[in-house]
Amino acid sequence: MSELADEYRLEYFEEEGFTRKECPTCGNHFWTRDETRETCGEPPCEEYDFIGNPGFDEEYSLEEMREAFLSFFEDHDHDRIDPYPVAANRWRDDVLLTQASIYDFQPLVTSGETPPPANPLTVSQPCIRMQDIDNVGKTGRHTMAFEMMAHHAFNAREDADAEYAYEGEVYWKDRTVELCDTLLEEMGADIADVTYIEDPWVGGGNAGPAIEVIYKGLELATLVFMCMEQDPDGEYELKDGNTYSYMDTYVVDTGYGLERWTWMSQGTPTVYEAIYPEMIDFLKDNAGIDHTEEEADLVARAARLSGNLDIDDVDDVEAARDDIADQLGVSTAELRDLVEPLEDVYAIADHCRTLAYMLGDGIVPSNVGTGYLARMVLRRTKRLCDNVGVDAPLDELVDMQAERLGYENRDTVRDIVRTEVEKYRETLERGGRRVESLAEEYAEKGEPIPRAELIELYDSHGIQPDMVEEIAAEAGADVDVPDDFYSLVADRHDTSEAVEEMTEDEDARFGDLPETEKLYYDDQQRTQFEAVVLDVFEREEGYDVVLDQTMFYPEGGGQPADTGTLSTDDTTVEVTDVQIEDDVILHRTDEDPGKGEFVNGQVDAARRRQLMRHHTATHVVIHAAREVLGDHVRQAGAQKGVDSSRIDLRHYERLTRTDIKEIERVANEIVMENTAVTQEWPDRHEAEAEHGFDLYQGGIPPGEQIRLIHVDEDVQACGGTHVARTGDIGSIKVLSTERVQDGVERITFAAGGAALEATQDKEDALYEAADILDVSPPAVPETAERFFEEWKDRGKRIEDLKEQLAEARAGGGGDASEVELDGTTAVVDRIDADMDELRATANAISEDGKIAVIGSGLSGAQFVVSVPDGVGVNAGEVVGELAAKVGGGGGGPPDFAQGGGPDVEALDDALEDAPAVLQNVLNA
RNA sequence: GGGCUCGUAGAUCAGAGGUAGAUCACUCCCUUGGCAUGGGAGAGGCCCCGGGUUCAAAUCCCGGCGAGUCCA
């Protein structure tokens, strides 16, 4: 780290009379104004010094602190920007949740590709860190949901070779520290007590010097100076073992924990009491937690002690509890009884805030992605509520936080929570029954429930081991929960799968070619154009033709490529596929049109028109779905086609027939309104500011300018081709829906001619069915039901008759031959009937005390042998021998067996041999 | 995106190649002055759908549909 030591010699530190020291306990270097200071000030080197002794002049609520921070930076020439959603996958596809304010600007702004929305800027960014989930409530300072307040400045080196979206230096390390220092001073902090610890930062492929800001034992901020990137040839080796080198861009990335600043201003025992006191009060009240003054005092002292310890995971908390109890002079059990319900309450408040953020930002619970994370948090919260005895409905609790956070879609959020809680209740019920029967089974055997069952219960049925323990205890069964339970589960998910990285061979061939001019954006209705063939590349099959300009749309955004022809005076070649690589459009053709030729391009107009209809229709359908189902609905994927298209929507319930009809109605209304479909190329940040991230339904495009498509009130970032007016779509018909994942519904629909065709096909099916039933189409359902009922009735009647027939047969008559066999009569008969009838007949005969050997040649040769009680003939063996004679096999229990074979010809002979076979078996 | 589990009577579930089962609910009868209850009888199944293997598939294999769950 010494490599970066020089980075910390700031003029600001010098001017302000700071000295650099090394902490004798942890060895970290830090800067302080206080020459007498020894340690770095951060736990465990020092204790919290603000609990009951706030470090700022005034007490601030969460909202007040946020405002104080943002306006301070506004006063110091920063632009305040609105926070981004917590669902980071709304604008980037490499992460799920927003975990820091800098996420808002990655990767395009930090790399210098696009400019920041303002420079410098300040923001208070809601974040969610799931990693800390186990610590929440227990350590007094961990929260899963938090706001990272920040000021950012984006700088680019003056001497940089490449062009960046921002240039020059806004400010760098000195000014950053100065701003932080000034803010602390203005808040009334004793700045002599503030330490700045050197702590180089590495993460996500970037690195740089960083400073932790510690005050009264609490880390209030981290100032990161991102200026290096991972580089195999880099000259700096940092703590992750990789080498790094300096970048052309360098970014001030700060993080001030809103919750911690609020806490510091209040000096409450835990952070939770500082940030949502009303909710904590409500929950305590609801759970019936009521402490005497003495107990409250004990809790406060315990909180302070646990805060002072270096606790980074729950195991430590448990271990530390003995210590703390000891120091307080109470028993560990006593302390636990007092503190644990509080810990649950704290966690519930935090989790509800997390859920409010997630669901408020449109995350729909699911078994995948962010939806799964939301589901996990929700279930955990529900368990905590049940555990501590909070009986207020969860949707109400989440709503309390959603209201605080100012979400407008609170009804939807509540609806989602209710649906999810109900789903969870069902899962628990199902699981409970499962565990009960399992527990009884093992209790009877006197064995503990084995691990394999336990893992199975969790992995396949979502039942936590502690729940198994609880239920098993009631049934009197033991459970062996291994300590490493969750890693055993992980082992079950074989991780050995080879990650097959599809390494498309990087085509360097096109590097020198100019960007192909995209005519299809100029006039989306035209299909004919002229161009010059710039180059032709031979492929395994066919050619890649590069033109100077083209009307052919390359595959992208879920829209398939155009097809068509390229013609010269001499020849016409077929374009079968079109791809784009680094702005160069490749026309895959069957023949070589000739480099340097002038070509006349003709796009298959009918196909393109259908694709355009479907593309615009996709926008219309998603807009209609949002109108019908709610604003949380988002596109999870789409594929356009010629005959039909499909769109995947995030929604928390199955789509009903009513939903679909309504979506169809709204969609077709938009079609009938025949409004213009328009495109524009606004600046990215302006577009985001005006329309929000709902723009990115179909993915996140790169670049400074993005293309927006307006269809009615719907606005989406989109690179596809569209019809000119919604009326050009013709009509939209939903063909089918399916649930592609939990929380993701796929709608397949057709537009234009395809919609008509699809409707006609479906009608044909109905007409045909009506024709077969010889009724009119509207009468089909009723008639079908009647037929089905009658069919079932007849089946039963036939069953019945077969029984009667069998009894009649057994009563004698027919041409059955009877043989005497050691005191028992055996009946051998051939009745060409199905297995059911054979069985019934054989049963009827053996009920009369006779052995039955019945054969049938109806489908193959089949036998049934039935032996009455107390007769020592093994039916299975008899059938086995008989079946062998017809080239097959058979078997069954000793009193009733079935068998057969393909050789019908040999059936009669086999039956003739039956008495001998019976004799053999009897003698055996 | 991947793994795993499950689809059988109205409900909850057994059955794991060889005759489709239990419990509750339902209908009727008996016990009772009536109710709780108790006793008995009965009705109710395209064993999710489609292929395959087999003499024989609810059962085994493949595919589809539906549901659940764990992980990234």
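Summary of computed values
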read-out	value
Cα long-axis angle, helix A:465-475 against chain A (0 to 90 degrees, to the nearest 10)	50 degrees
Where region A:427-492 is the region considered: accessible area per residue in Å², 1.4 Å probe	59 Å²
Region A:276-408 - percent of accessible surface contributed by carbon and sulfur, probe 1.4 Å	42 percent
Three-way shape label, region A:427-492, alpha-carbon gyration tensor, a/c 1.5	oblate
Region A:97-109 - phi-based ³J(HN,Hα) in whole Hz, Karplus 6.51/-1.76/1.60, Gly and Pro as x	10, 6, 10, 6, 5, 5, 4, 4, 10, 9, x, 6, 6
Estimated vicinal HN-Hα couplings, Hz - region A:621-638 in sequence order (Karplus 6.51, -1.76, 1.60; Gly, Pro = x)	5, 5, 5, 4, 5, 5, 5, 7, 9, x, 6, 6, 5, 9, 6, 10, x, 7
Distance between region A:671-709 and region A:124-166 - C-alpha centres, whole angstrom	27 Å
Computed accessible area, A:D57, all protein chains, 1.4 angstrom probe, square angstrom	120 Å²
1.4 Å probe accessible area per residue over region A:682-762, in Å²	39 Å²
Protein accessible area in region A:609-761, 1.4 Å probe - carbon and sulfur %	44 percent
Heavy-atom accessible area order for A:W263, A:W172, largest first, 1.4 Å probe	A:W172, A:W263
Prolate/oblate/rounded call for chain A, Cα gyration tensor, a/c under 1.5 rounded	oblate
Hz values of 3J(HN,Hα) by residue in region A:754-771 - Karplus curve (6.51, -1.76, 1.60), Gly and Pro given as x	5, 5, 5, 4, 4, 5, 5, 4, 5, 5, 4, 4, 5, 4, 5, 4, 4, 4
Region A:816-923, relative contact order [Cα under 8 Å, separation at least 6], %	22 percent
Protein-only accessible surface order, largest first, of A:S859, A:S731 at 1.4 Å	A:S859, A:S731
DSSP loop trypsin sites (Lys or Arg not before Pro) with at most 14 other Cβ within 10 Å excluded, longest remaining stretch of chain A	A:240-525
Accessible area (Å², per residue) of region A:510-595, counting only protein heavy atoms and a probe of 1.4 Å	47 Å²
All lysines inside 29 Å of A:K138 as judged from Cα atoms, apart from same-chain residues fewer than 8 positions distant	A:K216, A:K284, A:K382, A:K423
Tilt relative to chain A, helix A:410-445 - C-alpha long axis, 0 to 90 degrees, to 10	50 degrees
Relative contact order of region A:427-492, defined on C-alpha pairs under 8 angstrom at six or more residues apart (%)	41 percent
Distant-in-sequence amide H partners of A:D742 (H built 1.01 Å from N, under 5 Å)	A:N367
Region A:100-223: relative contact order as a whole-number percent, Cα under 8 Å and 6+ apart	17 percent
Of the GluC sites (Glu not before Pro) in region A:714-764, those whose Cβ has at most 13 other Cβ within 10 Å and which sit in DSSP loop	none
Under 5 Å, built H, 5+ apart or other chain: amide partners of A:G52	A:T268
Sum of -39500 (n - 2.57) over DSSP H runs of 4+, divided by residues of chain A (222 nm, nearest 500)	-13000 deg cm²/dmol
Amide hydrogen neighbours beyond the local backbone of A:C127, cut-off 5 Å, H modeled	A:F146, A:E147, A:M148
Spin-label pair A:R539/A:W791, simplified geometry with 7 Å Cα→Cβ offset, distance in nm	4.9 nm
Carbon and sulfur %, accessible surface of region A:427-492 computed with the full protein complex present, 1.4 Å	43 percent
Order of exposure, largest accessible area first, which applies to A:L223, A:L805 with probe 1.4 Å	A:L805, A:L223
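The values are calculated or read from the model by the stated rules, or taken from the named source; none is laboratory data. Computed from a predicted structure; not experimentally measured. Every residue, glycine as well, gets a Cβ built from its backbone with ideal geometry; the counts of neighbours run over all protein chains shown. Heads up: the accessible areas ignore ligands, DNA and RNA and are worked out on the full protein's heavy atoms, side chains in. Shrake-Rupley method; radii C 1.70, N 1.55, O 1.52, S 1.80 Å.
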